[in-house]
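The values are calculated or read from the model by the stated rules, or taken from the named source; none is laboratory data. Every value quoted in this text rests on a predicted model; they were computed, and no experiment measured them. Here Cβ is always computed from backbone atoms with ideal geometry, including for glycine, and neighbour counts include all displayed protein chains. The protein model used for the area step is the full one, side chains on, heavy atoms only, and it has no ligands, DNA or RNA in it. Shrake-Rupley method; radii C 1.70, N 1.55, O 1.52, S 1.80 Å.
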Amino acid sequence: MTTILKLPRGRALNFEKPVIMGILNVTPDSFSDGGQFLDPAVALKRAMQLLQDGAQIIDIGGESTRPGAPDVSLNDELARVIPAIKAIREHSDCAISVDTSKAQVMDQAILAGADIVNDVRALQEPDALETVAQYEDVAICLMHMQGQPRSMQFAPHYDNLFADINIFFSERIKACERAGIKFERLILDPGFGFGKTLSHNYQILAKFDHFNKLGLPLLAGLSRKSMIGNLLNRETSDRLAGSLAGALIAVQNGAKIIRVHDVKETADVLNVLQACEQGVL
Ligand code: 8Y7
C-alpha cells in the first residue's frame, strides 16, 4: 500500500496520518454575492483559513455536481477556478486539487499550480486521460459515479454494490495505465451520493476497506451530504455532527483523505482518534 503520494515541485503527501482536503467552492450558488466568480482575494483568504485549521489539500471546484445542477461552460469554469488557483499558489506551497472533469480546465489548472486532479467522472470526458498523462507528478482522484449528476439519484441500482464499484475502478486504472498514467499517481473514491441510495451509502461507509483491495489510497467525501441530512432529517447547515461521525468511521475503515467543509472540527476528531491509536497521552 502506498503511504507516500508524490506531487509536483518535489512535494508529497504522507498517508501515515489521515489527510484533510478542505473544500473551496467557487461556484455562484456557493457564495453569497451571487456574482459570476469568487474574488481571488476572497478565495485566497478562505484557503488560508482552511490550511490554518488543518487542511493539507485545498480542493477548488467551479462546477456544481450536486444532483440536478446545471452544466457550466468551459469559459465560466476557467474564470472561476484559475485565478483562485494562481492566488493560492502564489502565497502557499500547499497541495491544491482541482475539482473538474474538463480536459482544458485540468490543463490550465495544472499550469496555474494545481497538484491533484479530482474528477468525479474519473477521466472519462474527452481528452482528460491524455491531458493528465502529460504531467508526470500530478496525482489523480478517480471517483465512482453511476449515471450523470442530473439524473444519478433517480433510481440507482447495483447487481453487487462492491463488485460493481471495484470493477469500475479496475477499468479506470487500466485506462489510465494505457494512457501512460502510472498506478502510483492514483487515488480512488467510491463517491458517496453519486448514484447511490441512502442504503448504498451506508453499506459503503461500513465496509469502506473493501476498496483497499486495489492497493491505492482511498478518499471519502461525505461532508454535509444528503446521506447525513436524510438520515437525521437535518438541513445542510445542521449536518456537522453527522458529518464528523461519518469522517471518523471512514478513516477508521481505511480512508486516507477526507474531503470536508468543516476542517477545524474534523481535525479535532482525527486528532482524538490518533491519540487513541498511538497512546500519545
Ligand atoms: C465529492 C467530490 C463532490 C466526493 C470527490 C459535495 C467534487 C458534492 N463530492 N469529489 N466532489 N469525492 N473526490 O456535496 O465525494 O461536496 S461535490
Problem - Where a residue in the stretch 198-219 is farther than 19 Å from PRO156 by Cα and its partner, wherever it lies, is of a type in the set (Val, Ile, Thr), with Cβ under 6 Å and at least six apart - result: PRO217/THR2; PRO217/ILE187; LEU219/ILE187; LEU219/ILE257
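Can you find a residue that is out of contact with any strand residue (DSSP E or B) (no Cβ under 8 Å at 6 or more places or on another chain), part of a loop (DSSP other than H, G, I, E, B), more than 20 Å from ALA95 (Cβ to Cβ) and open to solvent by 30 Å² or more (accessible area, probe 1.4 Å) anywhere in the stretch 131-147? Spell out the reasoning first.
Applying the first criterion (out of contact with any strand residue (DSSP E or B) (no Cβ under 8 Å at 6 or more places or on another chain)) to the stretch 131-147 yields 131, 133-136, 145-147.
The next check asks that each one be part of a loop (DSSP other than H, G, I, E, B); those that pass are 134-136, 145-147.
Then keep just the ones that are more than 20 Å from ALA95 (Cβ to Cβ); that gives 145-147.
Now drop any that are not open to solvent by 30 Å² or more (accessible area, probe 1.4 Å), which leaves 146-147.
Yes: one or more hits.
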Fill in the blank from the handout: Restricting attention to the stretch 148-168, the residues that are within 15 Å of the ligand (Cβ to nearest atom), of a type outside the set (S, T, N, Q) and either farther than 22 Å from PRO67 by Cα or part of a loop (DSSP other than H, G, I, E, B) (or both) number exactly 4
Fill in the blank from the handout: Within the stretch 65-82, the count of residues that are in a loop (DSSP other than H, G, I, E, B) and modelled with pLDDT of 80 or more comes to 3
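Name the residue, out of VAL19, VAL72, VAL117, that is open to solvent by 20 Å² or more (accessible area, probe 1.4 Å), aliphatic (A, V, I, L, M) and within 16 Å of the ligand (Cβ to nearest atom).
VAL72
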Exercise for the section: Out of the residues in the stretch 210-226 that are away from the ligand (no atom under 15 Å from the Cβ) and within 23 Å of ASP137 (Cα to Cα), state the one that is surrounded by the fewest Cβ atoms within 10 Å (Cβ to Cβ). Expected result: GLY215
Problem - Candidate set: the stretch 83-105, residues that are without any contact (Cβ under 8 Å) to a residue 40 or more places away in the chain and open to solvent by less than 20 Å² (accessible area, probe 1.4 Å); chosen: the one farthest from the ligand (Cβ to nearest atom) - result: ALA103
Handout entry: Which numbered condition ARG66 fails, given (1) within 12 Å of the ligand (Cβ to nearest atom); (2) over 20 Å from PHE192 (Cβ atoms)
Key = (2)
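From the list ALA255, ALA250, ALA245, ALA267, exactly one residue is in a loop (DSSP other than H, G, I, E, B) and modelled with pLDDT of 95 or more. Which is it? Can you show your working first?
Details: ALA250 fails: in a loop (DSSP other than H, G, I, E, B); ALA245 fails: in a loop (DSSP other than H, G, I, E, B); ALA267 fails: in a loop (DSSP other than H, G, I, E, B).
It is ALA255.
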Exercise for the section: Check LYS196 against each of (1) of a type in the set (D, E, K, R); (2) more than 16 Å from LEU222 (Cβ to Cβ); (3) within 13 Å of the ligand (Cβ to nearest atom) and name the one condition it does not meet. Expected result: (2)
Handout entry: In the stretch 190-209, the residues that are buried (at least 19 other Cβ atoms within 10 Å of the Cβ) and either assigned to a helix (DSSP H, G or I) or of a type in the set (Lys, Arg) (or both)
Key = LYS196, HIS200, ASN201, ILE204, LEU205, PHE208
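I need the full set of residues from the stretch 148-184 which are among the β-branched types (Val, Ile, Thr), open to solvent by less than 50 Å² (accessible area, probe 1.4 Å) and more than 22 Å from THR3 (Cα to Cα), in order please.
Initial filter on the stretch 148-184 (among the β-branched types (Val, Ile, Thr)): 165, 167, 173, 181.
Next cut, open to solvent by less than 50 Å² (accessible area, probe 1.4 Å) only: 165, 173, 181.
Selection gives ILE165 alone.
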Completion exercise
Considering residues that are within 18 Å of LEU219 (Cβ to Cβ) and more than 15 Å from the ligand (Cβ to nearest atom), the number found within the stretch 120-131 is 0
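Within the group ALA267, ALA179, which residue is under 26 Å from VAL132 (Cβ atoms) and more than 14 Å from the ligand (Cβ to nearest atom)? Outline the logic, then answer.
Details: ALA267 fails: under 26 Å from VAL132 (Cβ atoms).
One residue alone meets the criteria, ALA179.
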Problem - Count of residues meeting criterion [within 14 Å of the ligand (Cβ to nearest atom) and surrounded by 19 or more Cβ atoms within 10 Å (Cβ to Cβ)] in the stretch 227-260 - result: 14
Handout entry: Among residues of the stretch 144-188, those that are without any contact (Cβ under 8 Å) to a residue 60 or more places away in the chain and closer than 21 Å to ASN212 by Cα, counted
Key = 28
Practice task
Determine which member of the set ALA122, ALA109 is assigned to a loop (DSSP other than H, G, I, E, B) and either open to solvent by less than 10 Å² (accessible area, probe 1.4 Å) or within 19 Å of ALA179 (Cβ to Cβ) (or both).
Solution key: ALA122
